[in-house]
Every structure is written in C-alpha cells, then in structure tokens.
Amino acid sequence: MGKRPDPEPCRPQDLGLFEVVSRDGAARIGKLHTSHGILTTPMLLPVVNPNLRTIEPREMWDRYGVDALITNSYVVWKHEKLKEPALSNGIHRLLDYPGIVVTDSGTFQSYIYGDVEVGVEEIVAFQRDIGVDIGTMLDVFGRPDMSREELEEAVSETASRALPSLSEAGKELLLNGPIQGGLHHDLRSESGELMGAARGEHGGFAIHPIGGIVPLMEQQRYRELFGIILASRSSIPRNRPIHMFGCGHPLLFPLSIALGVDIFDSAAYALFARDDRLLTPDGTVKLEGLSEWPIASSALFGKTPQEVRGMERDDRSVILAHHNLEITQSELSRCREAVRNGSIWELAEKRSHSSPRLREAFLWVLEELEQLDETEVGDSLLDIMASTNPLRGGGEPVSEDIDSRPHVLHMMALISLRWRVPGSWWDGSDGPPERVVVIEGAPPPWRSTCLHTVVERLIEVPKSVVVVSTPIGIIPFSFEDVSPFCHIDGPEAIWLDPTDEEQLAEDLETLGLNDLPNLIVSPGDAPENPPPENAEVRSWIDRCSVVDKLSVFCATKPGNLCEMTDGMSARKSKTDRMINVSSDGEHILSPRLTDGGISLTLDGASMLYSFNPGVPNRFESEDEMEEEDHPGIPRVLLSEDAIPFVGQGRNVMHGYIDGADPHITPGQPCVIVSPSGELVAHGVSQSTSLEMSLFRKGIAVKVRDGALKER
Ligand code: GUN
C-alpha cells in the first residue's frame, strides 16, 4: 500500500469557507476549506469508534483516499486512556490520521442511553483542545415520536446553546450546528433559520447537519426523511454544507444529493459487516446463502463467499467492512460524476426502482414538484427547479418519470411563461395567427425529418404557428434543436403513438394556442403541389428561432428582439445550421450546436442590456422588483474594486457582488454592470441570486468577455 502525502492546510483566510465548483440543480460539488485539507463534497465521513477500529484510519487515508472521518468526542472524553493522549498529542495523533477529523458531541449517546454528564461548553472546549477540525455542539436529539411540545423544546434548547458553543469554539474549531424538529416541517424550517442566523464573535456554524433522523432510516421511512431534508434546506444558508447525521446507506445517496445534501456519515460499513451483510448501491445483501458476489470489490476479489463464510468472525467482519467502505466510496464517486455531467436526477430516478419504499419517497417528491403552490416544502422545490439549468447536452432517456425531471419542468415553465406567437409572418404580414400546425410522428433531428413539411405548411397559410409533438409535450418549432427535446432517447415506438387529444389540448392551452384551429400532420403528409422557392420562409424560421430563444433564455421582450433581428443575417454550416448570427453586420450570437442554447458575443450582450439598462437592487434592499414575464437579461451588480479585473475578462468571484436580478439562472447568460450602470462584462452565471448574496468563495459568473478591454 503506497503512502499518500499529508494534506496541505487551507489558506488562513479561507478557513471554514465552502465553495461550489460544479452543480446540477441543488446538487453541488463543493470544497470546504479546513486546516487539514480541502474537503471535496458530496462525501461520506466513515465513523471511527476510537475503542474499536475495524479499519485503521491510516488505511482509510492511504488506501481509500478518505479525506475526512468522524469520531465521537464524548467517547474520547469519557475514557481516561483516550482522553489523556488526545489532550497531550491531539486527536490526529491518537487516531493516526492526517486528514480532517470531525467529531460528534455525545447527543447521540444521550438519545441511546439517556442523559450524558458533559456540559454544553465543556464538550466544545474539549473538541477545541484536542485539535478537532470540525466539532459538534451538544444539540438536543428530537425523536420523530416526540410530541410537538417536546420537539419545540428540542429546537429552542438547541438554538439557545448555539452562541455559547460558538464562543467556546474560538476561531480554529469549525462547528456543526444541527437542525432538529422531528417530522414537523415548520419546526425544521424554524430550526434552520435559528441555527443559520447564529453568529458568534468568530462567525457562524460551518456546517448544518440534519439531526434526529436515524430512527427514520432504521425504519426505512424514506418519504418522511426526504420531507425533512426539503423543509430543513429551505432555511439553511446556501453557503454552508448540509450533512445528514447518521445516513450512510448508498441507496439514499443519489436522491439526497439531488435535493442538496453534501455530507453523509455512517458506521453502516462496519455495523453491517459485523452482521455479515454486504452493501450494494441498490440494497443490502446477506452473506449467508451467496454462491457468487453480487458486486465486485477489491476487498473480496479472489475469494469466494464460501471462503469468507469460513473465516473467523473478526476477520470476516474486517474483510466485509473493507468491501462496504469501498462500495460506499465508489457510489459517491458515481454521484459526484453525475453532478458534474448533469445526470444526478436520472441516477436518483434509476435508484428509486431499487426499493419500494425509496420509490414511494421519490414519487412523493415528484408529486410535490408538480404542485409547488400547494406544498409545505414548495419553496425548497421551487428553488431546486429554478436553480437547475434547463438546457443540457447529452441524451435524455425516456422513462415514466421523464416529464417530472427538474430541468424538463424548468424548461417547460420558461417556455410557457415567456414564449409568444410571432409578431409578424414570413410574407411581411402581421396580426394574430390563423391556425396551429402540430407535427407528430417524427423523431429528432426535426430539422432533417420535417423542415420540408414546416415550410410547405407555412407557404400554404403564412400565419401558422408550427409546434412539434414530443413525449414531454409540444414545443414551438423554434426549439427543435434544443436539448432535452432534441436528445430524447427511446425506442422508435415513442414517436409513432398518435398525440393524446386531451394532453394536446392542455399543452396548447399552456402555450396560449387553444383558441386556434389546429391541424395535426405527419412529415409524410405533404400538400398536393410541391412548394415554390422557400428562402424567405427559411430565413423567417431562423429569425423566429433567435427571437424565441433569446426571449425564453435571456428574458428579453419579444418586441425588442424583433427590432434587434430586423437586419439579421446568418452564416450557415454545411448541414444548414446557423453558426454566427449578425445584426446589421455585427456578430451578436452563435447558437450552440451541443444543446441548442445561445452564446452571446459582447455586442449581442450589450444590445440586450440596452433594453433593460440600469442596476439591479442591492441585496440588502427591501424594494420589491416588479414581477414581469420578460424582465430583461439578468444583471449582476459588481463591487467597484472588482471592475478593473472583470472588465478585462476575469471571472466574477463571490464576495464581489452587491446585487443581482432574481431571475438569474445557472448556466444561462447574464451581464455584469458597475454601480453607475456601465456594462463591465458578460458571461454565464454559475449561481442563483440568493447564492450570490451569501457565498464568499468560488466563481459566481464565468465571464465570456470583458467590456473594458482595449480593442
Ligand atoms: N448522530 C445521529 N443523529 C444525531 C443528532 O441528531 N445529533 C448529533 N449531535 N449527532 C447525531
């Protein structure tokens, strides 16, 4: 086994800061800065019992790349033979572990055994004195079966201990501020509010664990568990990681991560091993009766289940614990990769089929997502949807849950909010449309399968709105190359089913087209005469696509966009797709071939900004912005001191932003403006406006071009 070098401490000014380096909706790849290294999340803290080390912490560091573990400071405090060396040499030496040491406080012991005899300040001081990186205050465990009064008391008593604990911790010890409240969503949210707001002399909590959930996991009450995650998340400050106390079953990782959980911890890998059980990403398997391994691991490689059954009990639990830890780590790697490539929700969807109780919980989340106005946890779900980039490259696999995926819901919501029928038609006429043409029975790319039909139908009746029927609903033809629609991946049959009449009526209503006569056509059904020369129709279709995408993704008023595209021309590829779009000779944008989105140029961003010039409200301002369907390209108000850097094209970093429009969307264009309203740069947002108000580290906007460069 190779020796892995010790970690580097973070920069002193970064201690305790959390940054997000990649995201998929609420799921995020984060970096938490500590004195024993920078912790990449989502991750699992393996629980190490200092009296019984099934896997040596040193081996976790060297062999499994475990960057942080959790142990119990109360256990160390209680046992003289551990307490003395911990106080003299520090917890890292005691455990022989160079990475990040997190400790719990004895709350869990009070839940199992009744009271603990340690004081609130005393246990924090002890964690500080033994050199812990992230400690935990002594919270009050709120059991799900407690009365509301008891849970209210657990929440308020925990909150009242927050300040004394933060003061005792000093500036070196980062602290966990647990959230309690049992099954009551309002109490969870109140607890998040109180713990999130607590500020000692050296700042607030570094992490918020969600506590009191172990009994729910033991009883597999997953629906209630996910309700609690959503309710707690609604008020936990976004710039702090969320930890699920005591959750370590890989089955629960994907959905928890998709809903915003960053850290897990668990003794499951060792406890299950002692019980002769193997963890797999979709459930637990008993060693007894196995002929072959259900999943490979280096721990079990070269041994048969029969051989392992024949081992001494202690040896067997060590080998199974290694297997369980390996599987846990590899499922987390898979989840992190899914966050990076935008497929964490699909992974959660897949895993939901592994257990009926998890499936029930997943379907509950989907139901809540679809009726955001009527749920107690609606704010949290609305935030998840709104912070999900609606556009994404890559395939969109068909499944029974496809139309409930947050990015699909977001895309559909944006189209129904912002798409408008064309203001004028290819033949130069204006006025309302006369009919809707619904194209069905054609798979993407629709540019190849049905452009001729579209042109023919437009020549037949110029005032026609053309829409395409897809398994996730109808879309205006302008979005024919937009992902997810154009990447829907499924068997041929999904394109052959005739459009459901009721569904069609509902979809047409969403687009405001229900009062028009509609004609359903398949690409094969050509009108009788071949169409004449169609260059005018083709360039009108291209222009509609630019106007529609800018109005939907950049929130610009269609009227302004018609003006902007009046003198539009496009350079096309050999396959007849627009590459560069110019307005009056200036290159303003390029449609992205990978996902059908728009890449603006500086000239394009500057034109869009000219339609809603000015600065957004400052974060601290109480002024309400008027809610409009098309509030204009989202704007970020940059602090004075960052202007020279961002103006030259450097990224906008968190901590240098004084305000942002609330409709700013991760993955979509925005402009960066100075306090006097001057355009400084344009780029692609990585964050929501709430996140911009809270984060102090990391990239907030990836700048595409600075406006203050010498040209
Ligand atoms: N471990 C599992 N649940 C809890 C909890 O609610 N609080 C603390 N401090 N530790 C836990």
Positive dipole terminus of the range 43-137, leading residue within 60, 107, 130 (C-beta point charges): 60
Amide H contacts under 5 Å for residue 466, placed H, 5+ residues apart: 437, 477
Cross-link pairs beyond the 26 Å C-alpha cut-off, checked among 3/83; 31/171; 83/171; 463/557; 286/350; 463/549: 3/83
Label-point gap, in nm, between residue 539 and residue 148 - each point 7 angstrom along Cα→Cβ: 6.8 nm
For residue 246, residues with placed amide H under 5 Å, excluding near neighbours: 265
Sites residue 500 and residue 448 - FRET efficiency at Förster radius 22 Å, r taken between beta-carbons, to 0.05: 0.30
Leading residue at positive end of dipole, the range 572-711 (Cβ point charges), from 581, 604, 616: 581
Rounded to whole Hz, the Karplus (6.51, -1.76, 1.60) HN-Hα couplings of the range 272-289, x for glycine and proline: 5, 5, 5, 9, 6, 10, 9, 7, 9, x, 10, x, 10, 10, 7, 5, 4, x
Amide H partners (placed H, <5 Å) of residue 680, local residues excluded: 672, 673, 674
Sequence-separation-based contact order of the range 530-636, relative, with Cα cut under 8 Å and 6+ spacing, percent: 23 percent
In nm, spacing of pseudo-spin labels at residue 13 and residue 303 (7 Å Cα→C-beta vector): 5.1 nm
Counting DSSP beta bridges with both ends in the chain, the antiparallel % (nearest 5): 60 percent
The range 360-493: relative contact order in percent, alpha carbon pairs under 8 Å with at least 6 residues between: 26 percent
The range 344-433: radius of gyration and largest Cα-Cα distance (Dmax), Å: 17.3, 59
Mean Cα-pair separation over length for the chain, i.e. relative contact order, pairs under 8 Å, 6 or more apart, %: 9 percent
Under 16 Å from residue 81, Cα to Cα: aspartates and glutamates that are on another chain or at least 8 residues apart: 96
Cα-Cα P(r), the range 1-84, percent of pairs per 5 Å interval: 3, 12, 17, 18, 19, 17, 9, 3, 1, 0
Between 0 and 90°, nearest 10: helix 185-197 axis offset from the chain longest Cα axis: 80 degrees
Simple spin-label estimate for residue 334 and residue 626 in nanometres, 7 Å along Cα-Cβ: 5.2 nm
Ranked packing of 159-169, 106-116, 236-246, most packed first, by mean Cβ within 10 Å: 236-246, 159-169, 106-116
Hull-based mean projected area of the range 129-252, where the convex hull spans the alpha carbons, in square nanometres: 7.4 nm²
Calculated diffusion of the chain, Stokes-Einstein form, Kirkwood radius summed over Cα pairs, 37 °C and 0.692 mPa s, µm²/s: 118 µm²/s
Translational diffusion of the range 191-301, µm² s⁻¹ [Kirkwood Rh, Cα pairs; Stokes-Einstein; 4 °C; 1.567 mPa s]: 82 µm²/s
Approximate shape of the range 246-332 as ellipsoid semi-axes (Cα gyration tensor, √5λ), whole Å, largest first: 25, 12, 10
Cα point-scatterer Debye curve for the range 638-703, base-10 log of I(q)/I(0) at q = 0.12, 0.14, 0.15 Å⁻¹: -0.23, -0.31, -0.36
Distance histogram in 5 Å bins (all Cα pairs of the range 180-239, percent per bin): 4, 20, 28, 21, 14, 8, 3, 1, 0
Phi to ³J(HN,Hα) by Karplus 6.51 cos²θ - 1.76 cosθ + 1.60 over the range 77-94, Hz, x for Gly, Pro: 4, 6, 9, 3, 5, 9, 4, 4, x, 5, 5, 7, 10, x, 5, 5, 5, 4
Residue-wise HN-Hα coupling along the range 110-120, computed from phi with Karplus coefficients 6.51, -1.76, 1.60 (Hz; x: Gly, Pro): 5, 5, 7, 10, x, 5, 10, 9, 9, x, 4
Over the range 539-675, volume per residue of the alpha carbon convex hull, in Å³: 119 Å³
Length gained when the stretch residue 372-residue 592 is fully extended (0.36 nm per residue, less Cα-Cα span): 76.1 nm
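Every read-out reported here was derived from the displayed coordinates using simple, explicitly stated rules and does not represent laboratory data. Small disclaimer: the values here were computed from a predicted structure and weren't measured. As a convention, Cβ positions derive from the backbone with ideal geometry for all residues, glycine included, and neighbour counts pool all protein chains shown.
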